[in-house]
1. Kindly evaluate A87 against the criterion of being at negative phi and without any contact (Cβ under 8 Å) to a residue 40 or more places away in the chain.
2. Do you know which of the residues in region 122-142 that are under 11 Å from I13 (Cβ atoms) and within 10 Å of the chain's Cα centre (by Cα) is surrounded by the most Cβ atoms within 10 Å (Cβ to Cβ)?
3. Is it the case that some residue within region 66-73 is crowded, with 17+ Cβ neighbours inside 10 Å and in contact with a Lys or Arg (Cβ under 8 Å, 6 or more places away or on another chain)?
Amino acid sequence: MLELTRAVYDDLIAHARESTPEECCGVLGGAREGDWKEPSERASGRSAPASTADRYRRAENVAAEPRTAYELDPEEQLAHMQAIEDAGREVVGFAHSHPAGPPVPSRTDERQATWSGYSYVIVALGGAEPFVGSWRWTGETFEQETVAVQSADSPT
């Protein structure tokens, strides 16, 4: 499960809308509880890890075709990850948008996924309302996870 603060949820949608028709991307920070470091841990029946994202650091999409793909500059990604850790938080995942595409990971998303056990959030704008979904990369495939949004007055 991935729990988003209301501020992070709102910023994800705003960033996606502002970046359209290109995909946006960024790094999520917060707290991680548990981990699946290896696909065998998932198969063992161990319950899914949970994360809370209370920070979203917007990144520039440097993909060659930013309308259909996203790519974070490695130096910028490292700087965002360091800033999250410097604030006493952990990297919990990554986010990007599908401005007109389906609200599921694409084949490109699967080919480029490298952070096993982390959440990959997709903000899809192709429907009447934005859809925010999350998938945890197992090292082999994406598994959809529940997304919960805290109310505005919930503590982080």
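Every number in this text was worked out from the coordinates using simple rules, so none of it is lab data. Quick caveat, the model's predicted, so the values are computed rather than measured. Methodologically, a virtual Cβ is constructed for each residue, glycine included, from the backbone with ideal geometry; neighbour enumeration extends over all protein chains shown.
1. No: the conditions fail for A87.
2. So the residue we want is V123.
3. Scanning region 66-73 turns up no residue that is crowded, with 17+ Cβ neighbours inside 10 Å and in contact with a Lys or Arg (Cβ under 8 Å, 6 or more places away or on another chain).
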